[in-house]
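The values are calculated or read from the model by the stated rules, or taken from the named source; none is laboratory data. None of the values given here were measured: they were computed from a predicted structure. No Cβ is skipped: glycine too gets one built from the backbone with ideal geometry, and neighbour counts run over all protein chains shown. The accessibility values were calculated without ligands, DNA or RNA, using every heavy atom of the protein model including side chains. Shrake-Rupley method; radii C 1.70, N 1.55, O 1.52, S 1.80 Å.
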Amino acid sequence: MKILIKKGRILNPSDQTDKVGDILVEDGVIKEIKEKIECKEIPEKIIDAKGCYVMPGLIDLHVHLRDPGLTYKEDVVTGAKAGAKGGFTTILAMPNTKPVIDCADRVNYVHNKAKELAPIHVLQVGAVTKQQKGEELADIEGMIKAGIPAISEDGKSVMNTRIYKEAMQIAADHNIPVFAHCEDQNMVNGGCVNEDEKSKELGLPGISNAVEDIIVARDIMLAKETGASLHLCHCSTKDSVRMIELAKEEKLPVTGEVCPHHFILTSDDVVAGDANYKMNPPLRTKEDRDALVKGLKDDIFDVISTDHAPHSREEKQRSMTEAPFGIVGLETAVPLTMTELVHKGILTPMQMAEKMSYNPAKIIHSDRGRLEVGSPADITIIDPEKEYVIDSKTFESKGKNTPFNGRKVKGMVKATICDGEIAYIEE
């Protein structure tokens, strides 16, 4: 397919290009980038991107597709369509499915289904231990041969430090990152919201900052010892910011991500009885939230991810103590990031492109995340001025569980192009 993108503000973090111009896409790659492109033959699609940001296709390192086994919540196809509508051209699926993705055959199942049916790239992350039980290593090397971009025990932490160190050593030897969900399971004790004055007011069991911080510290020490590239998922505490900053000062291979719900909401926003405000890690205090925002602004955090976690309406209508953790995020990440960070001057548009495309690509050693002649044509076009109200009923995702339903935002995905094909266009 031949696509001409005209008059967009081209943001390419790989060389810090920020200019208005045209991009010609042909045969799945970027053929030309110029101030003005005149085509001898009329392209099949001309996209007027005047006033829009044209970024490398967004990459979400942290998504739950629930496939196989929990497809009433989401599946590879609906999750990929939600990703495309949200501006993502690559999404990484976490392995906490049923059965757990802990061997090559299960990796192949997801990759084959995605290649056949998904409009964007879906990369399956492999589990660290068999069935995520934390007792015996999964077939990590077999999964690496099957094409996993990373390993993760996401949804929990591997509490046996010796086994986790072995896994990190294998990851280091094969040059793939370890994605860490940092949670000391021995300290959770039935908690469902942040441990603070709000949890006392609501009469709910709390999750303290130390639950996260203890494992962040442990995992950084293991990265230092093994040389493994460590990516800290969904950071939520002020001390996680400080520890990542110290790790970077020491030149350790450590990166970190923040999710929109953690850089926007606080525990004070939790509505009694509404499990759409229940996520893991929980919404923290204003002090923690402000530290996360500063960490993003100062580039201590490398990545904005969604931790897209769809659940059925029935599950989320249970009580706060009984409902599952998690909210959806693929279709709200761009408008929330634009509204709360870019339009408020906290991040530049270039920083947004770095944290949602270029840096994620670097972490998984991908050739995506850049707008250069000859590069794969993965492109996201965003109208920064488009105002609207988030309506979960319009989501492509099966999951409608979001605390942001009804929120007014500014910034909409206009088109998503993946491998030179239109994966989504806002008509």
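Please determine, by comparing only the residues of segment 316-335 that are among the charged types (D, E, K, R) and open to solvent by 20 Å² or more (accessible area, probe 1.4 Å), which one is farthest from residue 278 (Cα to Cα).
Taking segment 316-335 and keeping what is among the charged types (D, E, K, R), we get 316, 318, 322, 331.
Now narrow it down to the ones that are open to solvent by 20 Å² or more (accessible area, probe 1.4 Å): 318, 322, 331.
Values: 318: 11, 322: 10, 331: 19 Å.
Top of the filtered list is 331.
Would you confirm, using the coordinates I've provided, whether residue 199 is open to solvent by less than 20 Å² (accessible area, probe 1.4 Å) and more than 23 Å from the chain's Cα centre (by Cα)? It is true that residue 199 is open to solvent by less than 20 Å² (accessible area, probe 1.4 Å) and more than 23 Å from the chain's Cα centre (by Cα). Considering each of 84, 150 in turn, give the residue that is open to solvent by less than 10 Å² (accessible area, probe 1.4 Å) and more than 24 Å from residue 217 (Cβ to Cβ). 84 is the lone residue from the list that is open to solvent by less than 10 Å² (accessible area, probe 1.4 Å) and more than 24 Å from residue 217 (Cβ to Cβ).
Filtered by the rule that a residue be in a loop (DSSP other than H, G, I, E, B), surrounded by fewer than 21 Cβ atoms within 10 Å (Cβ to Cβ) and under 20 Å from the mean Cα position of the chain (by Cα), segment 266-299 gives 266, 298, 299. Across segment 157-181, what is the total count of residues that are in contact (Cβ under 8 Å) with a residue 40 or more places away in the chain and among the aliphatic types (A, V, I, L, M)? Summing the residues that are in contact (Cβ under 8 Å) with a residue 40 or more places away in the chain and among the aliphatic types (A, V, I, L, M) in segment 157-181 gives 6. For segment 44-55, the set of residues classified as open to solvent by less than 10 Å² (accessible area, probe 1.4 Å) and assigned to a loop (DSSP other than H, G, I, E, B) consists of 49, 52, listed by residue number. Close contacts from segment 375-397, counting a first residue that is without any contact (Cβ under 8 Å) to a residue 24 or more places away in the chain and a second that is not in a loop (DSSP other than H, G, I, E, B), with Cβ to Cβ under 6 Å and a gap of 6+ residues or different chains, come to 387/410; 389/408. Of all residues in segment 18-34, exactly one satisfies the criterion of being under 22 Å from residue 386 (Cβ atoms), open to solvent by less than 10 Å² (accessible area, probe 1.4 Å) and in contact (Cβ under 8 Å) with a residue 60 or more places away in the chain, namely 23. Among the residues making up segment 221-264, those that are open to solvent by 10 Å² or more (accessible area, probe 1.4 Å) and assigned to a loop (DSSP other than H, G, I, E, B) are 227, 229, 250, 251, 252, 253. Might you let me know whether segment 162-174 holds any residue that is in contact with a His (Cβ under 7 Å, 6 or more places away or on another chain), open to solvent by 10 Å² or more (accessible area, probe 1.4 Å) and not charged (D, E, K, R)? Looking through segment 162-174, none of the residues is in contact with a His (Cβ under 7 Å, 6 or more places away or on another chain), open to solvent by 10 Å² or more (accessible area, probe 1.4 Å) and not charged (D, E, K, R). Scanning for something under 16 Å from the mean Cα position of the chain (by Cα) and crowded, with 24+ Cβ neighbours inside 10 Å, does segment 382-392 turn up at least one residue? No. Restricting segment 355-374 to residues that are open to solvent by less than 10 Å² (accessible area, probe 1.4 Å) and among the small types (Gly, Ala, Ser) leaves a set whose member that is farthest from the chain's Cα centre (by Cα) is 369.
State which residue is least open to solvent (accessible area, probe 1.4 Å) when the search covers only segment 125-139 and only residues that are in a helix (DSSP H, G or I) and over 18 Å from residue 233 (Cβ atoms). That would be 130.
Does residue 21 count as under 18 Å from residue 376 (Cβ atoms) and among the small types (Gly, Ala, Ser)? No: the conditions fail for residue 21.
Table: residues versus (1) open to solvent by 10 Å² or more (accessible area, probe 1.4 Å); (2) within 22 Å of residue 118 (Cα to Cα); (3) over 24 Å from the mean Cα position of the chain (by Cα); (4) in contact (Cβ under 8 Å) with a residue 40 or more places away in the chain.
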residue: 1; (1), (2), (3), (4): yes, yes, yes, yes
residue: 8; (1), (2), (3), (4): no, no, yes, yes
residue: 13; (1), (2), (3), (4): no, no, no, yes
residue: 16; (1), (2), (3), (4): yes, no, no, yes
residue: 36; (1), (2), (3), (4): yes, no, yes, no
residue: 57; (1), (2), (3), (4): no, yes, no, yes
residue: 61; (1), (2), (3), (4): no, yes, no, yes
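Taking segment 351-367 as the range and being out of contact with any Gly (no Cβ under 6 Å at 6 or more places or on another chain) and in contact (Cβ under 8 Å) with a residue 24 or more places away in the chain as the test, the residues that pass are 351, 352, 353, 354, 355, 356, 359, 360, 363, 364, 365, 366.
Only one of the numbered conditions (1) farther than 30 Å from residue 34 by Cβ; (2) open to solvent by 10 Å² or more (accessible area, probe 1.4 Å); (3) more than 19 Å from the chain's Cα centre (by Cα) is violated by residue 343, and that is (1). Scanning segment 203-229 for residues that are touching a residue at least 60 places away in the same chain (Cβ under 8 Å) and farther than 24 Å from residue 325 by Cα, which turns out farthest from the chain's Cα centre (by Cα)? Among them, the one singled out is 225.
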